[in-house]
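Any read-out appearing in this document is the output of simple, stated calculations on the displayed coordinates, not a laboratory observation. The shown structure was predicted, so the numbers you read here are calculated from the model rather than taken from an experiment. Glycine also receives a Cβ, built like all others from the backbone with ideal geometry; neighbour counts cover every protein chain displayed.
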Amino acid sequence: IALFAGLFLSTLKAVPVHSYYRVCDNCGEHSPYAESPEDALKKAKEAGWEHYEGSNTDYCPKCQRKDKT
């Protein structure tokens with residue numbers, strides 16, 4: 001049992017307690033995790049997300065392609 005518990009715990013990925021991310025307003029997918037809201041926006045833009053300041057909306061790269069076709 002101890003060996004199984006050790007193997008199980010070694011496969012878990014730790015997500016920081018204070019993690020932030022952006023959510024796509026079309027499909028609900030989330031952007032990469034970050035340590036602050038500002039960093040979350042920066043990482044999302046680096047990953048190809050579009051952010052619209054006026055409406056505070058975000059769209060992942062997958063949903064952007066749908067809108068452009």
Problem set entry | Separation in nanometres of the label points that stand 7 Å from Cα toward Cβ, at SER55 and ASN26 | 1.1 nm
For this session: Can you spot the aspartates and glutamates whose alpha carbon is less than 19 Å from LYS43's alpha carbon? Ignore those fewer than 8 places along the same chain.
Result: ASP25, GLU29, GLU35, GLU53, ASP58
